[in-house]
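Heads up: the structure comes next, in structure tokens.
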Amino acid sequence: MADFYEALTDELIRFIDAQAVFFTASACAQGRINLSPKGMDCFRVLGPTRCAYMDLTGSGNETAAHLKQDGRLTIMFTSFARAPLILRLYGQGSVIRPHHPEWTDLAPHFPDEPGRRQIIVIDIDSIQTSCGYGVPEMTFQRERPTLRKWAEKKGPDGITSYQKEKNQRSIDGFDTGLYEVGPHDES
């Protein structure tokens, strides 16, 4: 059975805080739908209808491209522990980059990880919970150190070069706005 909420409750916030992984989904009117897993303690509840996550440099930048084109964003948490639950946050996403004024206020909420690329903010329109009875029980082992080690080895200049080569366009050719400079970069 699904339940809908207009804002995050204390109970839902505790559920979010207990999860080691979450998933983001975004799309444009055309092209692929993107679904990405995220971890590394990068998600924060900013208020009852606003959340954000620190987006680290990776092989693509699909979410940013989709938000620039469309703006819709869904974030899903699911329990892999004994008590089943699925939580979906539906809303409008925006991208905050280091040169944006909002970065100064938002960045301190997150660990200072190497390879920080942008902060993805979701202004929540709707919240849904569902049973999660079909999700298997699994035990969290540890965070993978691979992305952190990769970013440390590349260093800031190497990360910038990588982003310019791999993160400025989506796999469908949409502009991500990563190195645009202007009034909030239209994102």
Roughly how many Å² of Y5 are accessible to a 1.4 Å probe, to the nearest 10?
80
In nm, what is the difference between 0.36 nm times the number of residues separating K164 and R142 and their Cα-Cα distance?
4.8 nm
Taking N as its residue count, the alpha carbon Rg of the chain over 2.2 N^0.38 Å
1.03
How large is the accessible surface per residue of the chain, computed with a 1.4 Å probe and reported in Å² as a whole number?
56
Please report, as a whole percent, how much of the solvent-accessible surface of the chain comes from carbon and sulfur atoms (probe radius 1.4 Å).
51
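The values are calculated or read from the model by the stated rules, or taken from the named source; none is laboratory data. Treat the numbers as computed from the prediction; the structure is a model and nothing was measured. Just so you know, the surface numbers come from the protein's heavy atoms only, side chains and all, with ligands and any DNA or RNA stripped out. Shrake-Rupley method; radii C 1.70, N 1.55, O 1.52, S 1.80 Å.
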